[in-house]
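Enquirer: Here it is, the structure, as structure tokens.
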């Protein structure tokens, strides 16, 4: 597949199209979102990152006009990758500065004024009031806990609707992403670096205070101890310790990271040969692509809980087998294509189908593993990565649009359109492909 000129041309073209599609989600000040049922008009501020710039209202596409802490960190990291790759006409540094400033502004949010002034409840239409958050929940929001909110409005106001909270992967991912920016951009303006340091300190403090606590999983469905959050928190704190250097807080970060890292060993299911995504909850969700996301989002080296971990590769093999069996679109796939991957067995969200970012995560995993190997092994894993990309190609329209899902039976795109995370996943997968080919 790697020697096919048409395939190579498609990769290069889709990389450009994904960059063009992802950028409108960043600082989308040109957009206005109205939610008449909640009496809201939302105009994004600079530095915010919306999950999808396509306006929708569950008609049938979902309303993703929010700044998710997790998604925004994924996108800002993909922007760094674009910048490092020499993508022209992208003012990446300005976007990063605005992202830092917006994130710092979020850290001033407080839920108590909403409780004191209930006029926003009065503006909400009667049939929408059932979706509003209770006063007790809002009253508990403080500047030092707002990062656990999962998502906020892109105009830097709190989300007033009921949702799955708390979630701790966002601050962990943001620490990792911001540290990558600082390490990869040594010529950043000192003012930006100083502001980024303030943001890092706040996120580190949060992670230390809430280390190991149960939170909602990556998919915002079940609360408990989940692999993704623990893995990201462990890595974020380990990297923070290096950044802090001789600061007394560094040792606390190192010790906490080691404790969390050790807990990850509990997630290995010897009888089924895969890392489970959670320690309790629905058994059908134990085998979950979020484990693979943990490996690629956190990075890191070593024999366990990394790209090199043979048990991580075994988990990906099990996911391949699962979705190969579950999805009709996989049953007639050509040999040059890998299975289209979803989240977990029994997923019922929209089509409950394949996700672009899931299939691309598998591709990135294989490319990064190929970069760690040599000889035939490197070629084998690189070819496997290409097989996942070939599957994405088969379900990507000519204009390069990537939604959240493509239907498990028809392959038709479903759920949120032009999902920023889908495009970010394509960008980072292709960047990993380019690095592994240079290595070979």
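Enquirer: Name every residue in segment 387-408 that is in a helix (DSSP H, G or I) and within 18 Å of residue 319 (Cβ to Cβ), in order of residue number.
Expert: 387, 388, 389, 390, 391, 392
Enquirer: Here's another thing I want to ask about it. Which condition does residue 115 not pass, out of (1) in contact with a helix residue (DSSP H, G or I) (Cβ under 9 Å, 6 or more places away or on another chain); (2) in contact (Cβ under 8 Å) with a residue 40 or more places away in the chain; (3) not in a loop (DSSP other than H, G, I, E, B), if it passes all the others?
Expert: Of (1) in contact with a helix residue (DSSP H, G or I) (Cβ under 9 Å, 6 or more places away or on another chain); (2) in contact (Cβ under 8 Å) with a residue 40 or more places away in the chain; (3) not in a loop (DSSP other than H, G, I, E, B), only one is false for residue 115: (2).
Enquirer: What number of residues within segment 245-301 satisfy the criterion of being surrounded by fewer than 17 Cβ atoms within 10 Å (Cβ to Cβ), in contact with a helix residue (DSSP H, G or I) (Cβ under 8 Å, 6 or more places away or on another chain) and not in a helix (DSSP H, G or I)?
Expert: Number satisfying all stated conditions: 4.
Enquirer: Quick one: how many residues across segment 306-317 are buried (at least 17 other Cβ atoms within 10 Å of the Cβ) and touching a strand residue (DSSP E or B) at 6+ places or on another chain (Cβ under 8 Å)?
Expert: 3
Enquirer: Name the single residue that is farthest from residue 365 (Cα to Cα) among those in segment 320-343 being in contact with a strand residue (DSSP E or B) (Cβ under 8 Å, 6 or more places away or on another chain) and surrounded by 24 or more Cβ atoms within 10 Å (Cβ to Cβ).
Expert: 323
Enquirer: So, residue 234, is that one modelled with pLDDT of 95 or more, in a helix (DSSP H, G or I) and under 19 Å from the mean Cα position of the chain (by Cα) or not?
Expert: Criteria met by residue 234.
Enquirer: With respect to residue 401, is the statement that it is modelled with pLDDT of 95 or more and within 22 Å of residue 368 (Cβ to Cβ) true?
Expert: When the stated conditions are applied, residue 401 does not pass them.
Enquirer: Could you check segment 92-114 and list, in sequence order, the residues that are crowded, with 19+ Cβ neighbours inside 10 Å and within 17 Å of residue 175 (Cβ to Cβ)?
Expert: Within segment 92-114, 96, 99, 100, 102, 103, 106 qualify.
Enquirer: Would you check which residues across segment 193-206 are more than 15 Å from residue 98 (Cα to Cα) and surrounded by fewer than 16 Cβ atoms within 10 Å (Cβ to Cβ) and list them?
Expert: 201, 205
Enquirer: Go through 95, 67, 83 for me and flag whichever is in contact with a strand residue (DSSP E or B) (Cβ under 6 Å, 6 or more places away or on another chain) and within 30 Å of residue 438 (Cβ to Cβ). Give the derivation first.
Expert: Details: 67 fails: within 30 Å of residue 438 (Cβ to Cβ); 83 fails: in contact with a strand residue (DSSP E or B) (Cβ under 6 Å, 6 or more places away or on another chain).
Only one candidate passes the filter, namely 95.
Yes or no, residue by residue, for (1) in contact (Cβ under 8 Å) with a residue 24 or more places away in the chain; (2) more than 26 Å from residue 208 (Cβ to Cβ):
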site	(1), (2)
246	no, no
250	no, no
271	no, yes
277	yes, no
339	yes, yes
346	yes, yes
351	yes, yes
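Enquirer: Let me ask something additional. All but one of (1) under 28 Å from residue 162 (Cβ atoms); (2) part of a helix (DSSP H, G or I); (3) more than 22 Å from the chain's Cα centre (by Cα) hold for residue 242, so report the exception by its number.
Expert: Against the list (1) under 28 Å from residue 162 (Cβ atoms); (2) part of a helix (DSSP H, G or I); (3) more than 22 Å from the chain's Cα centre (by Cα), residue 242 comes up short only on (1).
Enquirer: Among (1) at pLDDT 95 or above; (2) assigned to a loop (DSSP other than H, G, I, E, B); (3) under 24 Å from residue 70 (Cβ atoms), where does residue 339 come up short?
Expert: (3)
Enquirer: OK, next. Across segment 183-192, which residue is modelled with the lowest pLDDT among those that are more than 23 Å from the chain's Cα centre (by Cα) and surrounded by 15 or more Cβ atoms within 10 Å (Cβ to Cβ)? Before the answer, list the steps.
Expert: Pass one, segment 183-192, residues more than 23 Å from the chain's Cα centre (by Cα): 186-192.
Next cut, surrounded by 15 or more Cβ atoms within 10 Å (Cβ to Cβ) only: 188, 192.
Numbers: 188: 92, 192: 97.
Among those residues, the one meeting the criterion is 188.
Enquirer: Mind listing just one residue for me: the one in segment 396-413 that is touching a strand residue (DSSP E or B) at 6+ places or on another chain (Cβ under 6 Å) and buried (at least 22 other Cβ atoms within 10 Å of the Cβ) and, of those, farthest from residue 330 (Cα to Cα)?
Expert: Step by step, filter segment 396-413, then rank; the result is 403.
Enquirer: Here's a follow-up. Output the residues belonging to segment 158-204 that are in contact (Cβ under 8 Å) with a residue 40 or more places away in the chain and out of contact with any helix residue (DSSP H, G or I) (no Cβ under 9 Å at 6 or more places or on another chain).
Expert: So the first thing to find is which residues in segment 158-204 are in contact (Cβ under 8 Å) with a residue 40 or more places away in the chain, and the list is 158-161, 163-182, 184-185, 188-189, 192, 195-196, 198-200, 202-204.
Listed by number, the list holds a single entry, 164.
The values are calculated or read from the model by the stated rules, or taken from the named source; none is laboratory data. Only a predicted model underlies this, so the values are computations on that prediction, with no experimental measurement involved. Here Cβ is always computed from backbone atoms with ideal geometry, including for glycine, and neighbour counts include all displayed protein chains.
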